[in-house]
1. Residues 90, 85: which one is touching a helix residue (DSSP H, G or I) at 6+ places or on another chain (Cβ under 6 Å), in a helix (DSSP H, G or I) and either modelled with pLDDT under 95 or exposed (fewer than 12 other Cβ atoms within 10 Å of the Cβ) (or both)?
2. Residues of the stretch 3-21 being within 28 Å of the chain's Cα centre (by Cα) and outside any helix (DSSP H, G or I), which ones?
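The values are calculated or read from the model by the stated rules, or taken from the named source; none is laboratory data. For clarity, every value in this text was computed on a predicted model and none was experimentally measured. Glycine gets a Cβ as well: all are built from the backbone with ideal geometry, and neighbour counts include every protein chain shown.
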């Protein structure tokens, strides 16, 4: 897709785009589960698990509340995953 010349020219950016995009997709999928899990663990009697906690969470905080911690999560995990991936790649080659 990038072509051989551009692939060599932008090799580092291409290697960093992989873990960054994977982390974005994973966090979007898992952030609602994590938000409900935190409420279940920190508020006694809130719910027994995800199946009954998710509707209660949405009633209490709205659907947008499921993704309230997404940006701070990205600020922490995307640089970490990119560094880890590039560091491991540099050790392998």
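1. 85 is the lone residue from the list that is touching a helix residue (DSSP H, G or I) at 6+ places or on another chain (Cβ under 6 Å), in a helix (DSSP H, G or I) and either modelled with pLDDT under 95 or exposed (fewer than 12 other Cβ atoms within 10 Å of the Cβ) (or both).
2. 10
Here is a yes/no grid of residues against (1) within 28 Å of residue 4 (Cβ to Cβ); (2) in a loop (DSSP other than H, G, I, E, B); (3) in contact (Cβ under 8 Å) with a residue 24 or more places away in the chain:
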residue: 25; (1), (2), (3): yes, no, no
residue: 37; (1), (2), (3): no, no, no
residue: 46; (1), (2), (3): no, yes, no
residue: 53; (1), (2), (3): no, no, no
residue: 76; (1), (2), (3): no, no, no
